[in-house]
1. Here are SER173, SER167, SER182, SER194: which of them is open to solvent by less than 40 Å² (accessible area, probe 1.4 Å) and either among the small types (Gly, Ala, Ser) or at pLDDT 90 or above (or both)?
2. Which condition number in (1) over 23 Å from THR181 (Cβ atoms); (2) in contact with a Gly (Cβ under 9 Å, 6 or more places away or on another chain); (3) part of a strand (DSSP E or B) is the one that ARG427 fails?
3. Keeping to the stretch 56-79, report how many residues are at pLDDT 70 or above and either open to solvent by 100 Å² or more (accessible area, probe 1.4 Å) or not in a strand (DSSP E or B) (or both).
4. Give the residues of the stretch 442-452 that are of a type outside the set (Phe, Trp, Tyr) and open to solvent by 30 Å² or more (accessible area, probe 1.4 Å), sorted by residue number.
5. Which numbered condition in (1) closer than 20 Å to HIS346 by Cα; (2) modelled with pLDDT of 95 or more is the only one that PRO393 fails?
6. Return a yes/no flag: does the stretch 412-432 have any residue that is of a type in the set (S, T, N, Q), at pLDDT 95 or above and under 26 Å from PHE330 (Cβ atoms).
7. Collect the residues in the stretch 445-474 that are more than 22 Å from the chain's Cα centre (by Cα) and outside any strand (DSSP E or B), keeping them in residue-number order.
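The values are calculated or read from the model by the stated rules, or taken from the named source; none is laboratory data. Since the model is a prediction, treat every value here as computed from it, not as a measurement. Using ideal geometry, Cβ is built from the backbone for each residue, glycine included, and neighbour counts are taken over all protein chains shown. Just the protein is used for accessible areas: all its heavy atoms, side chains included, with ligands, DNA and RNA removed. Shrake-Rupley method; radii C 1.70, N 1.55, O 1.52, S 1.80 Å.
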Amino acid sequence: MKQTFISGFILCFFLAVLSFNTSAQEYKYDLNKYYTPDIVRNKLDLNFNTNGNFENSISNYNLPASKIDSTSNSQLYGNIYSSFQTITNTRKRLTDLRLSGRLYGSLSSNTDNRDSIHINNNSASERVEIYTNYSNRLYNSHNQFLQFGGSVNLYNGASNNNREYNSIQIKTSSSPLLISTSLTIAVGIGRIESVEDARQAIYLLDVLSKKGVLTRHLTDDEIFRLAQQISSVKNKRFLDSRLHLMDEIATVDSFFVNNNLLNKSDAVYFTNLYDIWQNGANFARNSGQEFTVLFRPTFDSNNNKNQYNYFNPDSTSWNRSINNSIGGNFAFMYRYEKISNLNWQHSIQADFWAISGFGNTLYSNSNNDLFTPSKSFGSTLNLNGRYSIGYYPNTRTNVVAGISQSFQKAFSKDYVSDIFESTDWNRSFYSITELSCSANYYFSPQLRLSGTASVRKLYSEFLSNNNNNLYTNFNASLIYSFF
């Protein structure tokens with residue numbers, strides 16, 4: 001079963017690649033040479049996602065005695081995710097501000113009737129997540145940079161569970177609140193350039209050349225200037241999207257007119273110009289490499305309260321925990337992006353993280369209203385690597401396949417009153433190998449269908465236990481972007 005899934009996963013990827021009908025490119029411009037002018041870009045996404053499952057089972061036994069067992073399970077999940085991003089990209093500065101939020105809810109029901117066991121379980125949960133992240137890089141003329149920034153994340157949720165076990169009823173509730181903050185200071189060398197505007201210029205020149213609209217073949221310098229004009233005109237802001245589109249089309253058209261590149265300006269020319277403008281830069285394309293050394297101090301606070309209500313007989317209990325931790329992350333990171341033959345993208349990422357932190361936990365319950373303190377220290381070493389290859393056959397479709405490997409070694413110890421409880425450290429080791437594939441199709445510039453599938457192998461060691469697990473996962477989403 002496992003081999004069949006993996007083989008089918010790989011086969012589906014290559015069949016998807018071979019199924020696209022692509023013609024030879026007339027323009028062979030090297031996108032790796034392109035860089036953007038000074039720009040400001042904004043993006044707002046709204047994602048609706050839902051999934052669920054329903055199961056019902058009835059078993060009828062004739063021997064040794066007639067009886068009927070039945071079980072039923074149902075789960076329904078849904079979330080609304082929204083994100084806003086603004087990027088300022090100049091030769092001397094790269095600023096990235098991201099704001100996102102998620103509203104998540106779930107419902108589940110389970111019944112089990114077997115012999116003398118009668119279980120009925122219903123639960124509901126909801127949570128709100130808010131994330132903010134800011135990053136600012138300052139570059140010199142040699143692409144050496146200094147980076148600073150920070151993030152603030154908020155998680156607030158609530159869950160309720162009603163469980164009936166024979167004649168015993170139990171109601172539980174939980175209300176966690178998590179706040180996480182961090183600062184980032186980094187230095188590095190290199191730069192990753194966004195080159196999708198240059199790819200859009202090539203899409204446009206290809207289709208106009210095939211339609212016989214152009215008077216001649218453009219030089220590499222002219223292609224570069226056209227791509228720069230495309231990047232610049234996208235920088236303008238309009239309250240009226242129609243006026244924005246009209247200005248963009250007019251600006252690109254003026255480039256062809258001013259350089260005497262058109263032998264006709266008919267409906268064929270303008271309809272193709274409009275189509276490529278709307279869909280030619282749907283996918284982010286990157287080029288370049290960078291090496292970064294990063295330091296990130298962190299502070300986390302987690303406040304959680306659980307309450308339990310029992311019936312027949314009646315009783316109530318609760319517990320509460322407050323956990324505050326402070327730590328720091330130190331990392332070496334390398335990233336490489338290479339575009340090959342316009343339609344192919346090679347990506348490599350490698351990083352090493354050293355993470356340490358001190359935690360302080362206060363715990364109380366219905367039997368002891370006074371907080372009982374405990375402390376802990378933990379340290380983790382992470383080594384991660386990933387290679388992916390992306391295929392972009394046309395303006396609306398892409399397929400990306402990748403393989404990644406992660407190793408993690410962790411050490412931890414608990415102590416009270418600044419004295420370690422024992423001389424033994426808790427040690428753990430994890431190894432995660434993953435094969436993944438994703439695909440996107442744009443119905444329009446705002447609406448796209450996205451799907452992912454992955455196979456993950458997890459090996460873990462903790463104390464005297466060793467585990468090998470294989471996981472599979474798939475997801476499909478319909479995403480609408482307002483701008």
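1. On the way: SER173 fails: open to solvent by less than 40 Å² (accessible area, probe 1.4 Å); SER167 fails: open to solvent by less than 40 Å² (accessible area, probe 1.4 Å); SER194 fails: open to solvent by less than 40 Å² (accessible area, probe 1.4 Å).
Result: SER182 is the single residue among SER173, SER167, SER182, SER194 that is open to solvent by less than 40 Å² (accessible area, probe 1.4 Å) and either among the small types (Gly, Ala, Ser) or at pLDDT 90 or above (or both).
2. (2)
3. Of the residues in the stretch 56-79, 1 are at pLDDT 70 or above and either open to solvent by 100 Å² or more (accessible area, probe 1.4 Å) or not in a strand (DSSP E or B) (or both).
4. At the first step, the residues of the stretch 442-452 found to be of a type outside the set (Phe, Trp, Tyr) are 444-452.
Selection gives SER444, PRO445, GLN446, LEU447, ARG448, LEU449, THR452.
5. (2)
6. yes
7. In the first step, residues of the stretch 445-474 are kept if they are more than 22 Å from the chain's Cα centre (by Cα); the result is 459-469.
LEU463, SER464 - these are the residues of the stretch 445-474 that are more than 22 Å from the chain's Cα centre (by Cα) and outside any strand (DSSP E or B).
Conditions (1) open to solvent by 70 Å² or more (accessible area, probe 1.4 Å); (2) assigned to a loop (DSSP other than H, G, I, E, B); (3) hydrophobic (A, V, I, L, M, F, W, C); (4) in contact with a Leu (Cβ under 6 Å, 6 or more places away or on another chain), marked per residue:
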{"position": "PHE295", "(1), (2), (3), (4)": "yes, no, yes, no"}
{"position": "SER301", "(1), (2), (3), (4)": "no, no, no, no"}
{"position": "ASN309", "(1), (2), (3), (4)": "no, no, no, no"}
{"position": "ASN319", "(1), (2), (3), (4)": "no, no, no, no"}
{"position": "ASN324", "(1), (2), (3), (4)": "no, no, no, no"}
{"position": "GLY328", "(1), (2), (3), (4)": "no, no, no, no"}
{"position": "MET333", "(1), (2), (3), (4)": "no, no, yes, no"}
{"position": "ILE339", "(1), (2), (3), (4)": "no, no, yes, yes"}
{"position": "SER347", "(1), (2), (3), (4)": "no, no, no, no"}
